[in-house]
């Protein structure tokens, strides 16, 4: 994949760093007059030249203020809701950029000073967070271990439908170019401009991934950006929400695997009709409508309606991978789907990025990655 980044570096024009912004001719004339008056005053230091310099400086500042105001109004007039420019501008105004303050090391209670120390402290916290819960039933553990052990001894007879270049091209069309790249630095804009020859090569690679039921380990490393939660203590690592940046090619692999999973899940009538989250063409709004219907039915029947709300903390971060594989085996999913999902969810790593400093890679013992695999 380094060929993609090398091709981008070789074909891209070097960015020219302009020290000054473009100014219209009348502003350039006022600036030249201001600079000329300044040189005269610095040379003679008399009250007359000082007065002329102040007047030239005032004219230039007033003209610059009017120019900036007109540019701001012109840019706002071009914003609209259809191409997303209005919402992007609104988000820039509402977003608050905050640097990570001195974190306290939970072990020593000493503050961190460098970005690398902050990254390591947050990585230590996330490593403990992405770990399985303590199990209370040894029988369940033995049942899951036996199920997976017997599954591994089976001979794979299931066949898969090969990936077509059209599927990869369709994925490339729908990715957004303004998304941040993963640890491989391959941007979505690079992928959108890939030639057909490379797309055919990617098709061959993903077909081999499905054939050998092995997802490359180098594609399973995420770069985590810590974002401070609103109203939380900035000195504690638990106050930061991890935002994982996966390589786009890994997201493509996720999409291909998920499509094959959903094909068989639909045949098995999964998920249950009462599940609305992570289900195509359904959202929380539909679930709220269902709740309102239950309440109205109760009122019409002169019955009281009670609701119980359950919220599992760190639900996706604590997913027991072996238990998830056991459920897929119990539902009799094709063997190649189970094995490729198991390969993708195991041996995953992450690094924490604070400014330009990356922490040491850490291994994930539990949980599923953010994105496509949440419907599982």
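Table for the structure above
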quantity: Residue 327, sole failed condition from (1) touching a helix residue (DSSP H, G or I) at 6+ places or on another chain (Cβ under 9 Å); (2) at pLDDT 90 or above; (3) within 27 Å of residue 155 (Cβ to Cβ); calculated: (1)
quantity: Selection within segment 122-168 - in contact with a helix residue (DSSP H, G or I) (Cβ under 6 Å, 6 or more places away or on another chain) and closer than 30 Å to residue 192 by Cβ; calculated: 160, 162, 163, 165, 168
quantity: Residue in segment 88-100 that is in a loop (DSSP other than H, G, I, E, B), in contact (Cβ under 8 Å) with a residue 40 or more places away in the chain and in contact with a strand residue (DSSP E or B) (Cβ under 8 Å, 6 or more places away or on another chain) present; calculated: yes
quantity: Checking residue 218 against (1) farther than 30 Å from residue 194 by Cβ; (2) free of Cβ contacts under 8 Å to residues at least 60 places away in the same chain; (3) not in a loop (DSSP other than H, G, I, E, B), the condition it does not meet; calculated: (1)
quantity: Test result for residue 59, more than 45 Å from the chain's Cα centre (by Cα) and in a helix (DSSP H, G or I); calculated: yes
quantity: Identity of the residue in segment 104-130, without any contact (Cβ under 8 Å) to a residue 24 or more places away in the chain and either within 22 Å of residue 365 (Cα to Cα) or in a loop (DSSP other than H, G, I, E, B) (or both), that ends up nearest to the chain's Cα centre (by Cα); calculated: 128
quantity: Counted residues, segment 361-376 - those being touching a strand residue (DSSP E or B) at 6+ places or on another chain (Cβ under 7 Å) and modelled with pLDDT of 85 or more; calculated: 4
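Quick grid of which residues meet (1) surrounded by fewer than 16 Cβ atoms within 10 Å (Cβ to Cβ); (2) assigned to a helix (DSSP H, G or I):
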site: 160; (1), (2): yes, no
site: 163; (1), (2): no, no
site: 172; (1), (2): no, yes
site: 181; (1), (2): no, no
site: 200; (1), (2): yes, yes
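Okay, residues lined up against (1) in contact with a strand residue (DSSP E or B) (Cβ under 7 Å, 6 or more places away or on another chain); (2) within 23 Å of residue 345 (Cβ to Cβ):
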{"site": "169", "(1), (2)": "no, no"}
{"site": "173", "(1), (2)": "no, no"}
{"site": "177", "(1), (2)": "no, no"}
{"site": "188", "(1), (2)": "no, no"}
{"site": "193", "(1), (2)": "no, no"}
{"site": "196", "(1), (2)": "no, no"}
{"site": "209", "(1), (2)": "no, yes"}
{"site": "213", "(1), (2)": "no, yes"}
{"site": "221", "(1), (2)": "yes, yes"}
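The values are calculated or read from the model by the stated rules, or taken from the named source; none is laboratory data. Predicted model, so just to flag it, every value in this text is computed and none were measured. As a convention, Cβ positions derive from the backbone with ideal geometry for all residues, glycine included, and neighbour counts pool all protein chains shown.
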